[in-house]
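Comments concern the structure below.
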Amino acid sequence: MRPSQSARQSVPRADVVVIGAGLAGLSCAAELAEAGASVFVAAKGLATTHWTHGGLDVAAPAAARTSRDGIARLARTDGHPYSRLARDADAAVSRHLVRVGAAGLDHAGSLATALAPFPTAIGALRRAAIVPLAQAAALEPWRVTGLVLVGIRGFPDAWPEYAARNLENAAWPDGPSGIRAVEVAVPGVERLRNVGSQDLARLFDDPAWRGRALAAIAAALPPGDWRVGMPAVLGVEHHAAAHADAEAAFGRRVFEVPSLPPSVPGMRLFDALRRRILASAGRVQIGFDVVSVEREGRHVIAIHTEAASRTLRLAANAFVLATGGIAGAGIRALPDGGLVERVFGLPVVGPEQASWFSDDPLMPHPLEAAGIEVDEQLAPAGLENVRVIGSALAGMRYLDERCGDGVALASAHRAARSLGAPRAVAA
(Lines give C-alpha, C1' and ligand atoms only; values in the text may rest on other atoms or scores of the structure.)
Protein backbone atom coordinates (compact mmCIF):
# COMPACT_ATOMS: atom_id res chain seq x y z
CA MET A 1 0.00 0.00 0.00
CA ARG A 2 1.31 3.45 -0.92
CA PRO A 3 0.80 6.45 1.39
CA SER A 4 -1.26 9.27 -0.13
CA GLN A 5 0.57 12.27 -1.57
CA SER A 6 -0.53 14.41 1.38
CA ALA A 7 1.13 11.97 3.75
CA ARG A 8 4.49 12.17 2.00
CA GLN A 9 7.49 14.30 2.68
CA SER A 10 9.63 14.12 -0.46
CA VAL A 11 13.38 14.40 -0.89
CA PRO A 12 15.43 14.48 -4.10
CA ARG A 13 15.87 11.10 -5.78
CA ALA A 14 19.05 9.17 -4.90
CA ASP A 15 20.93 6.77 -7.12
CA VAL A 16 21.08 4.27 -4.25
CA VAL A 17 19.38 4.04 -0.87
CA VAL A 18 21.26 1.89 1.65
CA ILE A 19 19.10 0.53 4.46
CA GLY A 20 21.20 -0.10 7.56
CA ALA A 21 24.18 1.64 9.16
CA GLY A 22 26.44 -1.19 10.26
CA LEU A 23 29.84 -1.95 8.77
CA ALA A 24 28.31 -3.42 5.60
CA GLY A 25 25.87 -0.59 4.94
CA LEU A 26 28.27 2.25 5.70
CA SER A 27 31.08 0.66 3.67
CA CYS A 28 28.84 0.12 0.66
CA ALA A 29 27.49 3.65 0.90
CA ALA A 30 31.01 5.08 1.18
CA GLU A 31 32.24 3.17 -1.87
CA LEU A 32 29.26 4.21 -3.95
CA ALA A 33 29.54 7.85 -2.86
CA GLU A 34 33.27 7.88 -3.61
CA ALA A 35 32.40 6.62 -7.12
CA GLY A 36 30.16 9.63 -7.66
CA ALA A 37 26.76 8.09 -6.93
CA SER A 38 24.19 10.00 -4.91
CA VAL A 39 23.64 7.88 -1.81
CA PHE A 40 21.19 8.05 1.09
CA VAL A 41 21.72 5.85 4.17
CA ALA A 42 18.56 5.17 6.16
CA ALA A 43 18.73 3.20 9.41
CA LYS A 44 16.38 2.61 12.31
CA GLY A 45 19.25 2.89 14.79
CA LEU A 46 22.93 2.46 15.46
CA ALA A 47 24.17 -0.97 14.48
CA THR A 48 26.89 -3.49 15.32
CA THR A 49 29.74 -0.99 15.15
CA HIS A 50 28.66 0.27 18.56
CA TRP A 51 28.96 -3.08 20.32
CA THR A 52 31.94 -4.78 18.66
CA HIS A 53 35.66 -4.38 19.26
CA GLY A 54 36.48 -2.06 16.36
CA GLY A 55 38.87 -4.44 14.60
CA LEU A 56 38.11 -6.74 11.67
CA ASP A 57 36.96 -10.32 12.11
CA VAL A 58 37.56 -11.39 8.50
CA ALA A 59 37.72 -15.18 8.96
CA ALA A 60 39.03 -17.20 11.89
CA PRO A 61 37.47 -20.67 11.83
CA ALA A 62 39.17 -23.42 13.79
CA ALA A 63 42.60 -24.36 12.44
CA ALA A 64 42.92 -21.26 10.22
CA ARG A 65 46.40 -19.76 10.41
CA THR A 66 45.61 -16.39 8.82
CA SER A 67 42.49 -14.55 7.73
CA ARG A 68 43.26 -15.45 4.12
CA ASP A 69 43.52 -19.11 5.10
CA GLY A 70 40.23 -18.79 6.97
CA ILE A 71 38.52 -17.31 3.90
CA ALA A 72 39.74 -20.22 1.77
CA ARG A 73 38.45 -22.76 4.30
CA LEU A 74 35.03 -21.13 4.56
CA ALA A 75 34.79 -20.70 0.78
CA ARG A 76 34.79 -24.49 0.50
CA THR A 77 31.66 -24.67 2.69
CA ASP A 78 28.56 -25.17 0.58
CA GLY A 79 26.27 -22.16 0.79
CA HIS A 80 28.66 -19.96 2.77
CA PRO A 81 28.80 -16.32 1.57
CA TYR A 82 32.54 -16.71 1.01
CA SER A 83 31.83 -19.42 -1.57
CA ARG A 84 30.97 -16.52 -3.91
CA LEU A 85 32.65 -13.58 -2.17
CA ALA A 86 36.16 -14.91 -1.46
CA ARG A 87 37.66 -13.18 -4.48
CA ASP A 88 36.32 -9.81 -3.27
CA ALA A 89 37.89 -9.99 0.18
CA ASP A 90 41.37 -8.67 -0.64
CA ALA A 91 40.16 -5.57 -2.45
CA ALA A 92 37.38 -4.95 0.07
CA VAL A 93 39.64 -5.12 3.11
CA SER A 94 42.33 -2.99 1.41
CA ARG A 95 39.79 -0.32 0.47
CA HIS A 96 38.40 -0.30 3.99
CA LEU A 97 41.82 0.17 5.60
CA VAL A 98 42.66 3.01 3.22
CA ARG A 99 39.25 4.59 3.76
CA VAL A 100 39.32 4.61 7.56
CA GLY A 101 43.03 5.44 7.59
CA ALA A 102 42.28 8.58 5.58
CA ALA A 103 39.81 9.48 8.35
CA GLY A 104 42.56 9.14 10.98
CA LEU A 105 41.85 5.57 12.08
CA ASP A 106 44.87 3.50 11.08
CA HIS A 107 45.01 -0.27 11.57
CA ALA A 108 47.72 -2.90 11.90
CA GLY A 109 47.67 -6.30 10.21
CA SER A 110 46.48 -7.79 6.94
CA LEU A 111 44.88 -10.92 5.52
CA ALA A 112 48.32 -12.54 5.60
CA THR A 113 49.00 -11.69 9.26
CA ALA A 114 49.01 -14.68 11.59
CA LEU A 115 45.93 -14.94 13.81
CA ALA A 116 47.08 -14.47 17.40
CA PRO A 117 45.40 -14.51 20.84
CA PHE A 118 43.97 -11.16 21.94
CA PRO A 119 42.82 -10.70 25.57
CA THR A 120 39.25 -9.62 26.20
CA ALA A 121 37.83 -7.59 29.06
CA ILE A 122 36.70 -10.74 30.91
CA GLY A 123 40.03 -12.52 30.51
CA ALA A 124 39.13 -14.78 27.61
CA LEU A 125 41.16 -14.96 24.41
CA ARG A 126 39.91 -14.36 20.89
CA ARG A 127 41.98 -14.71 17.74
CA ALA A 128 42.67 -11.55 15.81
CA ALA A 129 44.92 -10.28 13.04
CA ILE A 130 43.62 -6.85 11.90
CA VAL A 131 43.11 -4.36 14.72
CA PRO A 132 43.21 -0.58 15.26
CA LEU A 133 46.72 0.69 15.99
CA ALA A 134 45.74 1.35 19.59
CA GLN A 135 45.16 -2.42 20.02
CA ALA A 136 48.17 -3.64 18.04
CA ALA A 137 50.59 -4.04 20.97
CA ALA A 138 48.49 -6.94 22.27
CA LEU A 139 49.37 -9.00 19.19
CA GLU A 140 53.12 -8.39 19.20
CA PRO A 141 55.37 -11.25 20.44
CA TRP A 142 55.56 -11.23 24.24
CA ARG A 143 58.86 -13.04 24.91
CA VAL A 144 59.73 -11.95 28.48
CA THR A 145 57.28 -9.04 28.63
CA GLY A 146 54.51 -9.02 31.23
CA LEU A 147 50.97 -7.63 31.05
CA VAL A 148 49.42 -5.24 33.53
CA LEU A 149 45.69 -4.58 33.19
CA VAL A 150 44.45 -1.20 34.33
CA GLY A 151 41.04 -0.47 35.82
CA ILE A 152 39.64 2.95 36.64
CA ARG A 153 37.92 3.30 39.99
CA GLY A 154 34.28 4.24 39.48
CA PHE A 155 34.18 2.77 35.96
CA PRO A 156 32.11 -0.43 36.23
CA ASP A 157 32.75 -1.88 32.77
CA ALA A 158 36.36 -3.02 33.26
CA TRP A 159 37.33 -5.81 35.66
CA PRO A 160 41.13 -5.99 35.71
CA GLU A 161 41.52 -8.38 38.64
CA TYR A 162 38.90 -10.78 37.31
CA ALA A 163 40.38 -10.63 33.80
CA ALA A 164 43.92 -11.13 35.11
CA ARG A 165 42.88 -14.26 37.03
CA ASN A 166 41.19 -15.72 33.99
CA LEU A 167 44.14 -14.93 31.73
CA GLU A 168 46.53 -16.57 34.19
CA ASN A 169 44.52 -19.77 33.73
CA ALA A 170 44.00 -19.40 29.99
CA ALA A 171 45.83 -21.47 27.39
CA TRP A 172 47.93 -18.61 26.00
CA PRO A 173 50.95 -20.08 24.20
CA ASP A 174 53.91 -17.69 24.12
CA GLY A 175 51.89 -15.19 26.13
CA PRO A 176 53.02 -12.67 28.76
CA SER A 177 55.66 -13.62 31.30
CA GLY A 178 53.32 -12.48 34.06
CA ILE A 179 49.92 -10.84 34.43
CA ARG A 180 48.94 -8.26 37.04
CA ALA A 181 46.06 -5.88 37.67
CA VAL A 182 45.85 -2.39 39.14
CA GLU A 183 42.88 -0.14 39.82
CA VAL A 184 43.53 3.59 39.80
CA ALA A 185 41.60 6.63 40.99
CA VAL A 186 41.69 9.32 38.31
CA PRO A 187 40.58 12.94 38.77
CA GLY A 188 36.86 13.40 39.37
CA VAL A 189 35.62 10.02 38.17
CA GLU A 190 34.89 8.54 41.61
CA ARG A 191 32.35 11.32 42.21
CA LEU A 192 30.38 10.40 39.07
CA ARG A 193 27.52 7.93 39.05
CA ASN A 194 27.26 5.26 36.37
CA VAL A 195 30.25 6.60 34.45
CA GLY A 196 30.30 4.96 31.02
CA SER A 197 32.91 4.36 28.38
CA GLN A 198 31.75 7.38 26.36
CA ASP A 199 32.06 9.63 29.43
CA LEU A 200 35.64 8.54 30.04
CA ALA A 201 36.55 8.78 26.36
CA ARG A 202 35.33 12.39 26.26
CA LEU A 203 37.41 13.15 29.36
CA PHE A 204 40.49 11.67 27.68
CA ASP A 205 39.89 14.02 24.74
CA ASP A 206 40.73 16.92 27.08
CA PRO A 207 44.56 17.32 27.14
CA ALA A 208 44.65 18.89 30.62
CA TRP A 209 42.50 16.21 32.28
CA ARG A 210 44.28 13.51 30.30
CA GLY A 211 47.65 14.60 31.61
CA ARG A 212 46.51 14.35 35.23
CA ALA A 213 44.80 10.99 34.69
CA LEU A 214 47.79 9.45 32.91
CA ALA A 215 50.13 10.67 35.66
CA ALA A 216 47.96 8.94 38.28
CA ILE A 217 47.95 5.70 36.28
CA ALA A 218 51.71 5.87 35.65
CA ALA A 219 52.36 6.17 39.38
CA ALA A 220 50.39 2.96 40.02
CA LEU A 221 52.19 0.80 37.45
CA PRO A 222 54.70 -1.76 38.74
CA PRO A 223 58.36 -1.37 37.77
CA GLY A 224 59.76 -3.64 35.09
CA ASP A 225 59.06 -4.75 31.54
CA TRP A 226 55.28 -4.61 31.20
CA ARG A 227 52.79 -3.82 28.47
CA VAL A 228 49.74 -1.92 29.67
CA GLY A 229 46.19 -2.99 28.82
CA MET A 230 43.86 -0.02 29.23
CA PRO A 231 40.07 0.08 28.95
CA ALA A 232 39.19 1.22 25.42
CA VAL A 233 38.43 4.80 26.41
CA LEU A 234 41.48 6.69 25.13
CA GLY A 235 39.57 9.49 23.44
CA VAL A 236 37.11 9.79 20.60
CA GLU A 237 37.89 13.00 18.70
CA HIS A 238 41.55 13.02 19.78
CA HIS A 239 42.16 9.32 20.08
CA ALA A 240 45.57 9.18 18.38
CA ALA A 241 46.92 11.92 20.64
CA ALA A 242 45.49 10.23 23.75
CA HIS A 243 47.10 6.90 22.87
CA ALA A 244 50.45 8.53 22.10
CA ASP A 245 50.31 10.49 25.37
CA ALA A 246 49.59 7.27 27.30
CA GLU A 247 52.65 5.52 25.87
CA ALA A 248 54.79 8.58 26.61
CA ALA A 249 53.50 8.90 30.17
CA PHE A 250 53.95 5.20 30.98
CA GLY A 251 57.16 4.63 29.04
CA ARG A 252 55.64 1.35 27.87
CA ARG A 253 53.60 -0.07 25.00
CA VAL A 254 49.88 0.48 25.60
CA PHE A 255 46.90 -1.25 24.05
CA GLU A 256 43.17 -0.83 24.50
CA VAL A 257 41.01 -3.73 25.69
CA PRO A 258 37.42 -3.31 24.38
CA SER A 259 34.77 -3.80 27.06
CA LEU A 260 30.99 -3.69 27.27
CA PRO A 261 28.91 -1.75 24.71
CA PRO A 262 28.77 0.98 23.70
CA SER A 263 32.15 0.28 22.17
CA VAL A 264 34.34 3.37 21.87
CA PRO A 265 36.54 1.75 19.16
CA GLY A 266 33.31 0.91 17.31
CA MET A 267 32.10 4.49 17.69
CA ARG A 268 35.36 5.72 16.17
CA LEU A 269 34.84 3.35 13.22
CA PHE A 270 31.24 4.51 12.73
CA ASP A 271 32.32 8.16 12.84
CA ALA A 272 35.14 7.57 10.33
CA LEU A 273 32.81 5.91 7.82
CA ARG A 274 30.03 8.42 8.34
CA ARG A 275 32.45 11.30 7.76
CA ARG A 276 33.68 9.62 4.59
CA ILE A 277 30.13 9.34 3.23
CA LEU A 278 29.30 12.95 4.07
CA ALA A 279 32.57 14.16 2.53
CA SER A 280 31.49 12.49 -0.73
CA ALA A 281 28.11 14.28 -0.65
CA GLY A 282 26.18 11.30 0.70
CA ARG A 283 23.47 11.62 3.31
CA VAL A 284 22.93 9.62 6.50
CA GLN A 285 19.67 9.40 8.47
CA ILE A 286 19.66 7.45 11.74
CA GLY A 287 16.65 6.75 13.95
CA PHE A 288 13.73 6.21 11.56
CA ASP A 289 12.51 2.76 10.58
CA VAL A 290 11.12 1.75 7.17
CA VAL A 291 7.33 1.61 7.35
CA SER A 292 6.34 0.82 3.76
CA VAL A 293 7.74 -0.02 0.32
CA GLU A 294 6.60 1.00 -3.17
CA ARG A 295 7.10 -1.62 -5.89
CA GLU A 296 6.46 -1.96 -9.58
CA GLY A 297 6.82 -5.55 -10.67
CA ARG A 298 10.34 -6.76 -9.87
CA HIS A 299 11.59 -3.29 -8.95
CA VAL A 300 11.44 -1.28 -5.75
CA ILE A 301 10.56 2.33 -6.53
CA ALA A 302 10.76 3.92 -3.09
CA ILE A 303 10.70 3.26 0.62
CA HIS A 304 8.99 5.31 3.29
CA THR A 305 10.56 5.85 6.68
CA GLU A 306 9.19 7.23 9.90
CA ALA A 307 9.53 10.99 10.36
CA ALA A 308 8.41 13.63 12.84
CA SER A 309 4.87 14.07 11.49
CA ARG A 310 4.73 12.38 8.07
CA THR A 311 6.55 9.57 6.38
CA LEU A 312 9.69 10.42 4.45
CA ARG A 313 9.67 9.07 0.89
CA LEU A 314 13.06 7.93 -0.43
CA ALA A 315 13.06 7.11 -4.13
CA ALA A 316 16.07 5.57 -5.85
CA ASN A 317 17.27 3.55 -8.79
CA ALA A 318 18.56 0.79 -6.51
CA PHE A 319 18.37 -0.29 -2.87
CA VAL A 320 20.89 -2.09 -0.67
CA LEU A 321 19.57 -4.12 2.24
CA ALA A 322 22.08 -4.07 5.12
CA THR A 323 19.78 -4.54 8.09
CA GLY A 324 21.56 -7.58 9.54
CA GLY A 325 20.44 -11.05 10.48
CA ILE A 326 18.48 -12.38 13.41
CA ALA A 327 20.74 -10.65 15.98
CA GLY A 328 20.25 -7.24 14.40
CA ALA A 329 16.48 -7.67 13.91
CA GLY A 330 16.83 -7.61 10.14
CA ILE A 331 15.26 -11.05 10.27
CA ARG A 332 12.44 -11.83 12.67
CA ALA A 333 11.09 -15.11 13.97
CA LEU A 334 7.34 -15.67 13.87
CA PRO A 335 5.29 -17.58 16.45
CA ASP A 336 4.47 -20.25 13.85
CA GLY A 337 8.15 -21.05 13.35
CA GLY A 338 8.60 -19.03 10.19
CA LEU A 339 11.23 -16.39 9.54
CA VAL A 340 10.68 -13.08 7.77
CA GLU A 341 12.92 -10.31 6.45
CA ARG A 342 11.39 -7.17 7.88
CA VAL A 343 11.77 -4.52 5.11
CA PHE A 344 10.94 -6.18 1.78
CA GLY A 345 9.42 -9.41 3.09
CA LEU A 346 12.07 -11.49 1.31
CA PRO A 347 12.08 -15.25 1.81
CA VAL A 348 14.46 -16.40 4.55
CA VAL A 349 16.35 -19.68 4.62
CA GLY A 350 16.81 -21.05 8.13
CA PRO A 351 16.51 -24.07 10.38
CA GLU A 352 13.22 -25.63 11.42
CA GLN A 353 11.73 -24.30 14.66
CA ALA A 354 12.39 -27.62 16.41
CA SER A 355 16.12 -26.93 16.24
CA TRP A 356 15.96 -23.36 17.59
CA PHE A 357 16.49 -24.42 21.19
CA SER A 358 19.33 -26.30 22.83
CA ASP A 359 20.19 -27.56 26.30
CA ASP A 360 23.72 -26.17 25.87
CA PRO A 361 23.70 -22.35 26.06
CA LEU A 362 27.30 -22.18 24.86
CA MET A 363 26.64 -23.90 21.53
CA PRO A 364 26.36 -21.65 18.42
CA HIS A 365 22.69 -20.83 17.84
CA PRO A 366 21.24 -22.46 14.70
CA LEU A 367 19.46 -19.23 13.74
CA GLU A 368 22.84 -17.57 13.31
CA ALA A 369 23.00 -19.15 9.83
CA ALA A 370 19.53 -17.93 8.79
CA GLY A 371 19.49 -15.43 5.97
CA ILE A 372 18.52 -14.52 2.44
CA GLU A 373 19.68 -16.43 -0.62
CA VAL A 374 21.00 -14.27 -3.46
CA ASP A 375 22.55 -14.58 -6.91
CA GLU A 376 26.12 -13.69 -7.95
CA GLN A 377 25.28 -9.97 -7.92
CA LEU A 378 23.74 -10.35 -4.44
CA ALA A 379 20.22 -9.76 -5.77
CA PRO A 380 17.44 -11.72 -4.00
CA ALA A 381 14.81 -13.64 -5.89
CA GLY A 382 12.05 -11.40 -7.22
CA LEU A 383 13.69 -7.98 -6.82
CA GLU A 384 16.10 -6.96 -9.57
CA ASN A 385 17.25 -3.60 -8.18
CA VAL A 386 17.88 -4.75 -4.61
CA ARG A 387 21.18 -6.05 -3.23
CA VAL A 388 21.57 -7.90 0.08
CA ILE A 389 24.80 -7.58 2.06
CA GLY A 390 26.34 -8.34 5.43
CA SER A 391 24.88 -10.67 8.03
CA ALA A 392 21.51 -10.73 6.25
CA LEU A 393 23.12 -13.26 3.88
CA ALA A 394 22.39 -16.93 4.51
CA GLY A 395 24.85 -19.66 5.33
CA MET A 396 27.43 -18.35 7.80
CA ARG A 397 28.00 -18.62 11.54
CA TYR A 398 29.62 -15.25 11.93
CA LEU A 399 30.25 -15.54 15.68
CA ASP A 400 31.74 -19.02 15.65
CA GLU A 401 33.64 -18.49 12.38
CA ARG A 402 34.53 -14.87 13.23
CA CYS A 403 33.84 -13.87 9.64
CA GLY A 404 31.13 -11.22 9.99
CA ASP A 405 33.29 -8.17 9.25
CA GLY A 406 34.96 -9.80 6.27
CA VAL A 407 31.64 -10.84 4.74
CA ALA A 408 30.29 -7.35 5.43
CA LEU A 409 33.16 -5.70 3.55
CA ALA A 410 33.33 -8.22 0.71
CA SER A 411 29.57 -8.12 0.07
CA ALA A 412 29.53 -4.31 0.31
CA HIS A 413 32.29 -4.17 -2.30
CA ARG A 414 30.49 -6.67 -4.60
CA ALA A 415 27.21 -4.76 -4.32
CA ALA A 416 28.85 -1.41 -5.01
CA ARG A 417 30.59 -2.83 -8.09
CA SER A 418 27.37 -4.37 -9.37
CA LEU A 419 25.58 -1.02 -9.06
CA GLY A 420 28.35 1.08 -10.63
CA ALA A 421 32.09 0.70 -11.10
CA PRO A 422 33.85 2.49 -8.25
CA ARG A 423 36.76 4.81 -8.81
CA ALA A 424 39.93 4.52 -6.78
CA VAL A 425 39.72 5.56 -3.14
CA ALA A 426 41.58 8.80 -2.55
CA ALA A 427 43.59 8.93 0.64
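Some points to look at:
- Qualifying residue in the stretch 129-145 (condition: within 30 Å of A218 (Cβ to Cβ), among the aliphatic types (A, V, I, L, M) and over 20 Å from the mean Cα position of the chain (by Cα)): yes
- So D206, is it farther than 22 Å from A163 by Cβ, buried (at least 18 other Cβ atoms within 10 Å of the Cβ) and not hydrophobic (A, V, I, L, M, F, W, C): no
- Enumeration of residues in the stretch 238-259 that are charged (D, E, K, R) and either under 16 Å from H53 (Cβ atoms) or within 19 Å of the chain's Cα centre (by Cα) (or both): E256
- From the list A322, A316, A333, the lone residue that is surrounded by fewer than 17 Cβ atoms within 10 Å (Cβ to Cβ), under 26 Å from A379 (Cα atoms) and touching a strand residue (DSSP E or B) at 6+ places or on another chain (Cβ under 7 Å) is A333.
- Check on R414, in the same structural domain as D15 (by TED's automatic domain parsing) and modelled with pLDDT of 95 or more: yes
- Matching residues in the stretch 85-131 - criterion: being of a type in the set (G, A, S), part of a strand (DSSP E or B) and within 27 Å of R417 (Cα to Cα): A108
- Counted residues, the stretch 217-227 - those being surrounded by 16 or more Cβ atoms within 10 Å (Cβ to Cβ) and assigned to a helix (DSSP H, G or I): 2
- Scan of the stretch 241-285 for residues that are over 16 Å from A137 (Cα atoms), touching a Pro at 6+ places or on another chain (Cβ under 9 Å), buried (at least 23 other Cβ atoms within 10 Å of the Cβ) and not small (G, A, S), ordered by number: V264, R268, L269
- Long-range neighbours under 8 Å by Cβ, at least six apart or interchain, first residue part of a strand (DSSP E or B) within the stretch 228-240, second at pLDDT 95 or above and of a type in the set (F, W, Y): V228/F250; V228/F255; G229/F255; M230/F255
- Count of the stretch 346-369 residues, restricted to those that are at pLDDT 90 or above and either surrounded by 18 or more Cβ atoms within 10 Å (Cβ to Cβ) or more than 14 Å from L393 (Cβ to Cβ) (or both), is 2.
- Taken over the stretch 30-51, residues that are assigned to a helix (DSSP H, G or I) and either in contact with a Lys or Arg (Cβ under 7 Å, 6 or more places away or on another chain) or closer than 16 Å to F319 by Cβ (or both) amount to 5.
- Residue count for the stretch 132-165, restricted to those that are charged (D, E, K, R), over 26 Å from L269 (Cβ atoms), at pLDDT 95 or above and assigned to a loop (DSSP other than H, G, I, E, B): 0
- Residue match in the stretch 278-292 (condition: out of contact with any Phe, Trp or Tyr (no Cβ under 9 Å at 6 or more places or on another chain), among the acidic types (D, E) and at pLDDT below 95): yes
- Number of positions in the stretch 66-84 that are among the charged types (D, E, K, R) and not in a helix (DSSP H, G or I): 2
- Filtered residue count, the stretch 346-370, keeping only those that are over 11 Å from L321 (Cβ atoms) and touching a residue at least 40 places away in the same chain (Cβ under 8 Å): 6
- Those residues of the stretch 373-385 which are surrounded by fewer than 24 Cβ atoms within 10 Å (Cβ to Cβ) and outside any loop (DSSP other than H, G, I, E, B), in sequence order: P380
- Of everything in the stretch 166-199 that is in a helix (DSSP H, G or I) and under 17 Å from L149 (Cα atoms), the residue that is nearest to the chain's Cα centre (by Cα) is S197.
- Qualifying residue in the stretch 111-134 (condition: surrounded by fewer than 20 Cβ atoms within 10 Å (Cβ to Cβ), closer than 20 Å to V236 by Cα, of a type in the set (A, V, I, L, M, F, W, C) and out of contact with any Pro (no Cβ under 8 Å at 6 or more places or on another chain)): yes
- Among the candidates L393, L419, L399, the residue that is under 14 Å from A59 (Cα atoms) and of a type outside the set (D, E) is uniquely L399.
Residue-wise test of (1) exposed (fewer than 14 other Cβ atoms within 10 Å of the Cβ); (2) free of Cβ contacts under 8 Å to residues at least 40 places away in the same chain.
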| residue | (1), (2) |
| --- | --- |
| V144 | yes, no |
| D174 | yes, yes |
| V186 | no, yes |
| R193 | yes, yes |
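- A59 assigned by TED's automatic domain parsing to the domain that holds S411, under 13 Å from D405 (Cβ atoms), assigned to a loop (DSSP other than H, G, I, E, B) and among the small types (G, A, S): yes
- Answer residue from the stretch 66-79, given it is loosely packed, with under 15 Cβ neighbours inside 10 Å and not small (G, A, S) and is nearest to G324 (Cα to Cα) among those: D78
The values are calculated or read from the model by the stated rules, or taken from the named source; none is laboratory data. Predicted model only: the values in this text are computed from it and were never measured. FYI the Cβ positions are ideal-geometry reconstructions off the backbone, even for glycines, and counts take in every protein chain you see.
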